[in-house]
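Working notes for the structure below.
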Amino acid sequence: MASTEPLLKVRGLNAYYGGSHIIQDAALRVEPGESVALLGRNGAGKSTLMKSLLDAGPRVTGEIMFDGVALAGVATDARTRHGLVLVPEDRRIYPNITVAENIALGRHAARPGAKVNSDEIYDLFPLLKPLLQRAGYQLSGGQQQLVAVARGLMGAPRLLLLDEPVEGLAPVVVDEIAHDIGRIRQTGELALLIAEQNLGFARRVTDRVVLIDSGRIVFDGGWDAFDADPQLKERYLAV
Ligand SMILES: Nc1ncnc2c1ncn2[C@@H]1O[C@H](COP(=O)(O)OP(=O)(O)OP(=O)(O)O)[C@@H](O)[C@H]1O
């Protein structure tokens, strides 16, 4: 891949649930190693946009280029093996197997030849290490989120999509997850797209903001530019 090409380039993306036109003509770019916040109110279309990238739910039209490959017609599992990995909002932790087993399941999503070392992944999540033999059903919401992110990393992603990773979590847990994401970012070229409503958290873990409202991208820029226009927050994020 030429170094000037973005890792993800989306143009003219439309997504539909039945007759409802949810995502409307969206454009989006993520560079290798970049972390981007996808901000928007409840129902703005954040989850639908993420699922559209994987063809995992809505009917989708438009162009999605990932790592130099056009994804039209590529099945969801093949997209994941290519390095586009989603950690969904509901986390999907299996209750009756252990944390270590839940995390290991992510390995099936890894692209052929990818080197994934579970010990290196455990090192990124110090809070998980003592919990590896615990059953999924015994975890708190924050612990489940850490397991879901660790499992996502086992898929050797190039772009990890996190759908509202800190929704409903206590501030101390949000803080821990922000630290863990900081550690993950130091490991290399992994790019992140993080759907969020928690501005403080998003600011800590991302470089750039994409704002979505009623399925349309209404702002795309740096945090400085976002902060310079307080109306953006009032208009598109205030409850
Ligand atoms: N499976 C579905 N079938 C029909 N409509 C859906 C479906 N999932 C979402 N929608 C609709 O699509 C729109 C966008 O929802 P989406 O879940 O993408 O928003 P969001 O920004 O992720 O919000 P949230 O924070 O509530 O998850 C909403 O109007 C929602 O009702």
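The values are calculated or read from the model by the stated rules, or taken from the named source; none is laboratory data. Worth saying up front: this structure is predicted, and the values here are computed from it rather than measured. Quick reminder, even Gly has a Cβ in these numbers, built from the backbone with ideal geometry, and neighbours come from all protein chains shown. Quick note on the areas: whole protein, heavy atoms, side chains included, nothing else; ligands and nucleic acids left out. Shrake-Rupley method; radii C 1.70, N 1.55, O 1.52, S 1.80 Å.
Condition check ((1) under 22 Å from L169 (Cα atoms); (2) within 21 Å of the chain's Cα centre (by Cα); (3) in a loop (DSSP other than H, G, I, E, B)) across all residues:
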| site | (1), (2), (3) |
| --- | --- |
| A72 | no, yes, yes |
| R107 | no, yes, no |
| P112 | no, no, yes |
| E120 | no, yes, no |
Which number in (1) closer than 30 Å to H21 by Cα; (2) out of contact with any Ser or Thr (no Cβ under 9 Å at 6 or more places or on another chain); (3) surrounded by 14 or more Cβ atoms within 10 Å (Cβ to Cβ) marks the one condition that L192 misses? (2)
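Could you say whether any residue in the range 88-101 is within 16 Å of the ligand (Cβ to nearest atom), more than 20 Å from R11 (Cα to Cα) and open to solvent by less than 10 Å² (accessible area, probe 1.4 Å)? Break it down stepwise before answering.
Going through the range 88-101, the residues within 16 Å of the ligand (Cβ to nearest atom) turn out to be 88-92.
Those left that are additionally more than 20 Å from R11 (Cα to Cα): 88-92.
With open to solvent by less than 10 Å² (accessible area, probe 1.4 Å) added as a condition, the list becomes none.
Checking the range 88-101: not a single residue is within 16 Å of the ligand (Cβ to nearest atom), more than 20 Å from R11 (Cα to Cα) and open to solvent by less than 10 Å² (accessible area, probe 1.4 Å).
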Conditions (1) surrounded by fewer than 15 Cβ atoms within 10 Å (Cβ to Cβ); (2) within 30 Å of R11 (Cβ to Cβ); (3) of a type in the set (K, R) -> K115 fails only (2)
Given (1) open to solvent by 10 Å² or more (accessible area, probe 1.4 Å); (2) in a strand (DSSP E or B), where does L38 come up short, assuming only one miss? (1)
F201 is checked against (1) open to solvent by less than 10 Å² (accessible area, probe 1.4 Å); (2) closer than 22 Å to V116 by Cβ; (3) part of a helix (DSSP H, G or I) and fails just one. What number does that condition carry? (2)
Restricting the first residue to the range 175-196 and requiring it to be free of Cβ contacts under 8 Å to residues at least 12 places away in the same chain, which pairs with a second residue that is open to solvent by 30 Å² or more (accessible area, probe 1.4 Å) meet a Cβ separation below 7 Å and a spacing of at least six or different chains? none
Would you call E196 within 20 Å of L139 (Cα to Cα), modelled with pLDDT of 90 or more and within 16 Å of the ligand (Cβ to nearest atom)? no
Of the residues that make up the range 145-159, is at least one in a loop (DSSP other than H, G, I, E, B), in contact (Cβ under 8 Å) with a residue 12 or more places away in the chain and small (G, A, S)? yes
Test set (1) away from the ligand (no atom under 16 Å from the Cβ); (2) touching an Asp or Glu at 6+ places or on another chain (Cβ under 6 Å); (3) among the charged types (D, E, K, R) - R134 fails condition number: (2)
Among the listed residues V166, V210, V205, V149, which satisfies the condition of being closer than 23 Å to R81 by Cβ and under 14 Å from the mean Cα position of the chain (by Cα)? V149
Filter result for G45 (in contact with a strand residue (DSSP E or B) (Cβ under 8 Å, 6 or more places away or on another chain), within 16 Å of the ligand (Cβ to nearest atom), among the small types (G, A, S) and at positive phi): yes
Do we have any residue at all in the range 161-183 that's open to solvent by 10 Å² or more (accessible area, probe 1.4 Å), in contact with an Asp or Glu (Cβ under 7 Å, 6 or more places away or on another chain) and part of a helix (DSSP H, G or I)? no
